[in-house]
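Student: Got a structure for you, written out below as C-alpha cells; questions coming shortly.
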Amino acid sequence: MVTGALGGDPFPVGVPERRGGLCLVRRVRGSAGRHHQSPIGVDVSSTYRILCLSHDPATEAGEYRTPEAAEEAIAEGLSEHPNCHLMIGRYSSPLVELGCPPSRHQPTKLRCVHGSTVWVDSDWLRLLVAAYQSPDPAVQQATKTGRHLCLSQALLGRLRLELGTEQ
C-alpha cells in the first residue's frame, strides 16, 4: 500500500497492523517534529540535516531537531551555501525521508514548485534510482513522465551515499 507523499495514510496513529508477518506502524507527526514508532511501540525521534545537492556527493549543511527548524534555516539562508540546491534529510540512523522545502525558500531556481516541504520516503527514492538505471524502455518512459520534478537522475546520483545506491 502506498502512503505519504504518494497516497493516503491508511494506518490509525500508533496502531500496528500485521501484513505478511511484518508489523507496520504509521509514523506520528506533531508540532515538536516527526516521530515514528518502532514495531515494539517505543517512540523514536529523528534528526534533520540540511543536505546541499549542489555538491557531488551531497554534503551536510547543518543538523536540527525538528523539520521546522531546518525549514527556517533554509528560509533565512545559509551563508556557506548562498546559491545551492538544499533539501532536508530525516534520519533515524539511516536516511528515512527526503524533504524538498518550499520553492520560495530555495536559493536556486528549480523545476519543482510547491508551497510547503514535500517529503518522500527513502525507499521510494531507491526505487526511482533503480528505474532511472533500468534498461526497460517502458520504465525509462515512466521516469520521463512521472511526477518527481524535485528529483532528477543527477540529483539522486548526488545522494548515492545517503541512499546506499553507489555501485
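Student: Ratio of the stretch 63-124's C-alpha Rg to 2.2 N^0.38 Å, to two decimals?
Tutor: 1.09
Student: I would also like to ask the following. Rounded to the nearest whole Å², what accessible area per residue is found for the stretch 114-167 with the 1.4 Å probe?
Tutor: 60 Å²
Student: Amide H of residue 96: which non-local residues (sequence gap of 5 or more, or other chain) have their own amide H closer than 5 Å, using H built in the peptide plane?
Tutor: Under 5 Å from the amide H of residue 96: 90, 91.
Student: Something else: Return the sequence-ordered ³J(HN,Hα) values of the stretch 86-102 in whole Hz as given by the Karplus equation 6.51 cos²θ - 1.76 cosθ + 1.60 applied to θ = phi - 60°, using x for Gly and Pro.
Tutor: Each residue's phi maps through the Karplus curve to give 10, 9, 10, x, 9, 10, 10, 5, x, 5, 9, 9, 10, x, 9, x, x Hz.
Student: Carbon-plus-sulfur fraction of the accessible area of the stretch 91-147, 1.4 Å probe, in percent?
Tutor: Carbon plus sulfur share of accessible area: 57 percent.
Student: Something else: Dividing the Cα convex hull volume of the stretch 121-167 by residue count, how many Å³ per residue is that?
Tutor: 72 Å³
Student: Can you give the extra length, in nm with one decimal, that the chain gains between residue 78 and residue 126 once fully stretched, where that is 0.36 nm per residue apart less the Cα-Cα distance?
Tutor: 14.5 nm
Student: Taking θ as phi - 60°, what are the ³J(HN,Hα) couplings along the stretch 65-82 by the Karplus curve (6.51, -1.76, 1.60), each to the nearest whole Hz, with x for Gly and Pro?
Tutor: Values per residue, Gly and Pro as x: 8, 9, x, 5, 5, 5, 4, 5, 4, 5, 5, 6, x, 10, 4, 7, 9, x Hz.
Student: Something else now. Taking H as built 1.01 Å from N, whose amide H comes closer than 5 Å to the amide H of residue 85, not counting residues under 5 places away?
Tutor: Correct list: 53, 54.
The values are calculated or read from the model by the stated rules, or taken from the named source; none is laboratory data. A quick note: this is a predicted structure, and the numbers were derived from the prediction, not measured. Heavy atoms of the whole protein, side chains included, go into the accessibility calculation; ligands, DNA and RNA do not. Shrake-Rupley method; radii C 1.70, N 1.55, O 1.52, S 1.80 Å.
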